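A short write-up of the structure that comes next.
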């Protein structure tokens with residue numbers, strides 16, 4: 001990331017992989033400031049401004065998030081060098097010109113695919129922490145879980161492969177393919193590395209865990225099953241169960257509730 005300041009703006013309600021790809025491409029141009037619209041500027045937002053801002057602040061491609069009015073953001077935003085959009089917006093283009101900014105549109109085909117985020121594997125001297133899961137409809141609860149887990153050490157996330165998730169959860173699962181789920185997880189700044197588990201069943205991560213040799217395996221209360229506790233005891237790995245407590249001021253979230261099945 002270079003030293004230029006980049007502005008993007010929008011509602012970023014129900015953030016998905018394509019939003020993250022856009023932010024990743026924008027971050028190639030410089031440090032990204034998101035001008036985030038308030039709730040009253042969106043039509044029936046699924047998530048509140050506070051929850052959307054919390055999620056965006058956890059994205060590794062975002063430097064800061066600033067709340068703004070949808071119709072004021074063009075004149076009251078911070079000083080920047082580049083304004084970036086996903087499609088041409090003449091109003092934004094005119095504003096960029098008036099304020100001496102370069103205006104860029106990220107072509108749609110640049111947002112295709114799910115590149116693997118560069119792992120953050122610099123030696124830190126911290127413990128190695130592993131977590132596993134499906135991460136199908138990614139939300140603020142997942143972000144909070146990663147935030148808490150990463151407080152114990154460098155965080156490695158193993159995402160269940162499609163066949164395993166289908167076997168464990170049944171028809172209609174997963175909603176998103178494994179490469180997309182791995183990409184979304186790896187876009188969170190609390191994650192040192194995200195990878196796809198290669199096995200099946202509740203211990204689908206066995207090969208990856210044995211290769212990583214983590215100090216700690218962390219699960220939430222829903223994930224405390226399938227022989228994981230006994231597995232960790234056998235391998236000499238510390239086993240921690242975290243309560244599902246949302247970030248301060250935010251509601252609890254469940255992928256099942258959001259998905260509807």
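The values are calculated or read from the model by the stated rules, or taken from the named source; none is laboratory data. Note that the structure is a prediction, hence the values are computed from the model and not measured. Note: ideal-geometry Cβ built from the backbone for every residue, glycine included; neighbour counts use all protein chains shown.
Taking the numbered list (1) surrounded by fewer than 23 Cβ atoms within 10 Å (Cβ to Cβ); (2) within 13 Å of the chain's Cα centre (by Cα) in turn, residue 153 passes all entries but (2).
Close Cβ contacts (under 8 Å, 6 or more residues apart or on different chains) running from residues in the stretch 28-55 that are at positive phi to residues that are in a strand (DSSP E or B) comprise 30/5; 30/6; 30/82.
Being in contact with a helix residue (DSSP H, G or I) (Cβ under 9 Å, 6 or more places away or on another chain), assigned to a helix (DSSP H, G or I) and modelled with pLDDT of 95 or more is a condition met by at least one residue of the stretch 111-120. Of all residues in the stretch 230-258, those satisfying the criterion of being over 13 Å from residue 148 (Cβ atoms) and surrounded by 15 or more Cβ atoms within 10 Å (Cβ to Cβ) are 231, 232, 237, 239, 250, 253, 255, 258. Once the stretch 30-52 is narrowed to residues that are assigned to a helix (DSSP H, G or I) and surrounded by fewer than 19 Cβ atoms within 10 Å (Cβ to Cβ), the residue that is nearest to the chain's Cα centre (by Cα) is 50. Residue 261 meets all of the listed conditions (1) loosely packed, with under 15 Cβ neighbours inside 10 Å; (2) within 21 Å of the chain's Cα centre (by Cα); (3) under 24 Å from residue 170 (Cα atoms) but one, namely (2).
Counting only strands (runs of 3 or more DSSP E) that sit completely within the stretch 160-261, those holding 1 or more residues that are under 20 Å from residue 116 (Cβ atoms) correspond to 193-196.
In the set 146, 138, which member is touching a residue at least 60 places away in the same chain (Cβ under 8 Å), part of a loop (DSSP other than H, G, I, E, B) and not assigned by TED's automatic domain parsing to the domain that holds residue 36? So that I can check it myself, show each step before the final result.
Values: 146 fails: part of a loop (DSSP other than H, G, I, E, B).
It is 138.
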